[in-house]
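K.L.:
Sharing a structure here in structure tokens format.
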Amino acid sequence: MTVAPLLDTDVVARHALAHDASHYLLLPEAVASPTDEAAVVAMLAEATRARRPLTFRSGGTSLSGQGQSESVLADVRTHFRRVEVLDRGERVRVGPGATLRQVNAHLLRHMRRLGPDPASEVACTIGGVIANNSSGMAAGIAENSYRTLESLRFVLPSGTVVDTGLEGADARLRREEPELHEGLLRLMRQVRDDAEAARVIRERFALKNTMGYGINSLLDFDTPAEVLAHLVVGSEGTLAFVSSAVFRTVPIQKHISTGLIVLPSLQAATAALPDVVGAGFATAELMDARSLTVAQQLAGAPQEILGIEVDSHAALLVEHRADEEETLAQKSADAAALADSLGLAAPFEMTTDGPRRTAMWTTRKGLYAAVAGARPAGSTALLEDVVVPVPELEATCQGLQGLFDRHGYDESVIFGHAKDGNIHFLLNERLGESQARLEAFTEDMAELVL
């Protein structure tokens, strides 16, 4: 029988894991680094016996504090980093401690990659990618964690290990966790027998929705084991510990061109989105005037951004991908024709030049850190994440700007995955003071989005 790893109560070890990429600071009572799945099972048994909360942490890139705890914190970055490429790269088995970039490096020789492509790929790990149902800039809802997951091996709080990649996984779950299995069957029947509930679920999850549990799994899968595995995706670590996952990978297209559509205002940029989405771009990343101003201060910022005399401008970073050079050339020509019809505020060009493309994407991926770093002294950068249907994004952005003014949030920033109607906005708040303003803004924001 495996013994739970020793808990480290050293003050330095605890403080080293007291923060992540969020604005929270939680000092754990103790930290541990389990070496394998058996050690995790033992930790869960001990946590249950002592009625002591247990939180798992991996990359620490969360902006919402999911990887923090004031109780026991288990760091899985060291011993759960296995990457096994399968079927010449068409599938890959990975541990929760491997970073997205490490996995993609293993897949590159096969011209494949993982579907999710969040901006934090250099640091974020598979555990967090699964826990947050990550997608990123191009994945949308077709290539996110939920859709590209083939099988999942995970440990329930009871210590039961579920592996949906094994034959008979559902029968084993029914035998070892009968109440859970029956409860999931009951929920599946309840949702499927209610046409209106099914309609609402499908409507909500047709958007790039990362809020709450993925209850669309109750409609998408036929066995409780598969439903449970996909409920774990996006559950922010509340349902199970993920030991490993097998993903279906996606091909890397050989030819890529990137460009920056600069428009005179945020309203003009969001109004152009239906046409931009209809043009079939792989990505369309929105950056408002404040984003562009901050981006111009970044080392290595491309001329496409440096050349803008920013007033109220906004920009869309767009990209086309193709397997054939001729196909990409036609897509780029069509993009130029579309851009000419949009009333541009700066010249537009789709480029295949590697350094120029890299500079544009490096700037976009570094945007949050740069904007947060430019906040007023003593304030905290708060990032929100909302999604609406693309045709509603123009009105939503206008409404957000009105809320910024109404609640006195100066120099707020809007950027994000406009192709999917999914945007981020950043507020500067002094958290040591009254929270009345933030609470009032949040209520108004929820009303606007919903």
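All of the numbers you see were taken from the coordinates with simple rules; none came from a lab. Given the structure is predicted, the values throughout are model-derived calculations rather than measurements. Quick reminder, even Gly has a Cβ in these numbers, built from the backbone with ideal geometry, and neighbours come from all protein chains shown.
K.L.:
Would you work out the charge dipole size for segment 382-440 about its Cα centre, treating the Cβ of every Lys and Arg as +1 and the Cβ of every Asp and Glu as -1, and quote it to the nearest 20 debye? The partial results should precede the final answer.
P.N.:
Numbers: 4 positive and 11 negative charges, 4 e Å.
Once rounded to the nearest 20, the dipole reads 20 debye.
K.L.:
Another question, if that's okay. Nearest-5 percent of antiparallel DSSP beta bridges in the chain? Write out the running numbers ahead of the final one.
P.N.:
Details: 53 of 61 bridges.
Taking every DSSP beta bridge within the chain, about 85 percent pair in antiparallel fashion.
K.L.:
While we're on this one: Compute for segment 83-250: radius of gyration divided by Kirkwood radius, i.e. Rg/Rh, restricted to C-alpha atoms, rounded to two decimals.
P.N.:
Details: Rg = 15.8 Å, Rh = 16.3 Å.
With Rg and the Kirkwood Rh in hand, the quotient comes to 0.97.
K.L.:
Among Gly60, Gly97, Leu27, pick out the residue whose Cα is farthest towards the positive end of the charge dipole of segment 1-117, where Lys and Arg carry +1 and Asp and Glu carry -1 on C-beta, about the Cα centre.
P.N.:
Positive-most Cα among the choices belongs to Gly97.
K.L.:
Calculate how many DSSP beta bridges within segment 11-75 are antiparallel, expressed in % of all such bridges and rounded to the nearest 5. Mind showing how you got there, number by number?
P.N.:
Working: 1 of 8 bridges.
Just about 10 percent of them are antiparallel.
K.L.:
Rounded if a/c is under 1.5, else prolate if a/b beats b/c, else oblate: with a ≥ b ≥ c from the C-alpha gyration tensor eigenvalues square-rooted, which is segment 335-450?
P.N.:
Values: a/c = 2.63, a/b = 1.55, b/c = 1.69.
Since a/c reaches 1.5 but b/c is at least a/b, the shape of segment 335-450 is classed as oblate.
K.L.:
If you don't mind, another one. Of Lys208/Lys254; Lys254/Lys419; Lys254/Lys331, which sit over 20 Å apart, Cα to Cα?
P.N.:
Details: Lys208/Lys254 27 Å; Lys254/Lys419 22 Å; Lys254/Lys331 14 Å.
Going by Cα-Cα distance, Lys208/Lys254; Lys254/Lys419 fall outside the 20 Å limit.
K.L.:
What whole-number distance in Å separates the alpha-carbon centres of segment 311-384 and segment 222-241?
P.N.:
Their Cα centres are 35 Å away from one another.
K.L.:
Okay, moving on. What is the sum of charges, Lys and Arg at +1 and Asp and Glu at -1, for the other residues whose Cβ falls under 14 Å from the Cβ of Val162?
P.N.:
Details: positive: Arg153, Arg172, Arg174, Arg175; negative: Glu37, Asp163, Glu167, Asp170, Glu176, Glu177, Glu226.
Taking every other residue near Val162 into account, the sum is -3.
K.L.:
Treat the count of other C-beta atoms within 10 Å as a stand-in for reagent exposure and order Arg356, Arg321 from fewest to most. Mind dumping the intermediate values first?
P.N.:
Working: Arg356 16, Arg321 20.
In order of increasing Cβ crowding within 10 Å: Arg356, Arg321.
K.L.:
Return the Rg/Rh ratio of segment 254-450 with Cα-based radii and a Kirkwood Rh.
P.N.:
Values: Rg = 17.1 Å, Rh = 17.3 Å.
Rg divided by Rh gives 0.99.
K.L.:
Top mean-square fluctuation among Lys419, Lys254, Lys365, Gaussian network model of the chain, C-alpha springs under 10 Å?
P.N.:
Among Lys419, Lys254, Lys365, the largest mean-square fluctuation in the Gaussian network model of the chain belongs to Lys254.
K.L.:
Turning to a different aspect of this structure: Relative contact order of the chain: what whole-number percent is it, with Cα pairs under 8 angstrom and at least 6 residues apart?
P.N.:
Working: 863 pairs, mean separation 57.2, N = 450.
Rounded, it is 13 percent for the chain.
K.L.:
Measure out, as a whole number of angstrom, how far apart the alpha-carbon centroids of segment 150-176 and segment 252-279 sit.
P.N.:
After rounding, the separation between the Cα centres reads 43 Å.
K.L.:
Give me Leu260, Leu328 ranked fewest to most by other Cβ atoms within 10 Å of their Cβ, as a rough exposure proxy. Walk me through the intermediate numbers first.
P.N.:
Values: Leu260 27, Leu328 20.
Least to most surrounded, the residues fall as Leu328, Leu260.
K.L.:
So how far, in whole Å, is the C-alpha centre of segment 392-449 from the one of segment 5-24?
P.N.:
For segment 392-449 versus segment 5-24, the Cα centre distance is 32 Å.
K.L.:
Once you order the gyration tensor axes a ≥ b ≥ c over the Cα atoms, which shape class does segment 1-107 get: rounded for a/c under 1.5, otherwise prolate or oblate by comparing a/b with b/c?
P.N.:
On the way: a/c = 2.59, a/b = 1.44, b/c = 1.79.
Here segment 1-107 falls in the oblate category.
K.L.:
Any idea what % of Cα-Cα pairs in the chain are farther than 41 Å? Each step should come with its number before you reach the end.
P.N.:
Working: 20026 of 101025 pairs.
When every Cα pair of the chain is considered, 20 percent fall beyond 41 Å.
K.L.:
Which value, in debye to the nearest 20, describes the size of the charge dipole of segment 83-250 about its Cα centre when Lys and Arg Cβ atoms bear +1, Asp and Glu Cβ atoms bear -1, and nothing else is charged? Present the calculation step by step, with values, prior to reporting the outcome.
P.N.:
Working: 20 positive and 22 negative charges, 100 e Å.
That gives a dipole near 480 debye.
K.L.:
Quick one: grab the alpha carbon gyration tensor of segment 245-344, order the square roots of its eigenvalues as a ≥ b ≥ c, and give me rounded if a/c is under 1.5, else prolate or oblate depending on whether a/b is larger than b/c.
P.N.:
Values: a/c = 1.87, a/b = 1.45, b/c = 1.29.
Note, shape of segment 245-344 comes out prolate.
K.L.:
Given the options Ala345, Ala195, Ala268, which has the most mean-square fluctuation in a GNM of the chain, springs set between C-alpha atoms less than 10 angstrom apart?
P.N.:
Ala195
K.L.:
Per DSSP H run of n ≥ 4, the term is -39500 (n - 2.57); total these for the chain, divide by its residue number, and report the mean residue ellipticity at 222 nm rounded to 500 deg cm²/dmol. Walk me through the intermediate numbers first.
P.N.:
On the way: 19 runs with 172 residues, N = 450.
Calculated mean residue ellipticity at 222 nm is -11000 deg cm²/dmol.
K.L.:
Along the charge dipole of the chain, Cβ charges K/R +1 and D/E -1, which of His106, Ala289, Gly278 sits furthest on the positive end?
P.N.:
The Cα lying farthest towards the positive end belongs to His106.
K.L.:
Turning to a different aspect of this structure: How do Arg101, Arg375 line up, fewest other C-beta atoms within 10 Å first? Please report the intermediate quantities before stating the final value.
P.N.:
Details: Arg101 14, Arg375 17.
By the 10 Å Cβ count, ascending, the order reads Arg101, Arg375.
K.L.:
Where is the GNM fluctuation largest for the chain (alpha-carbon springs, 10 angstrom cutoff): His417, His230, His79?
P.N.:
Looking only at His417, His230, His79, the biggest GNM fluctuation is shown by His79.
K.L.:
Turning to a different aspect of this structure: Counting other Cβ atoms within 10 Å, which GluC sites (Glu not before Pro) in segment 115-213 have at most 16 and lie in a DSSP loop? It would help to have the intermediate numbers written out before the result.
P.N.:
On the way: sites: Glu121, Glu143, Glu150, Glu167, Glu176, Glu179, Glu182, Glu196, Glu203; in loops: Glu121, Glu143, Glu167.
Sites meeting the loop and neighbour criteria: Glu167.
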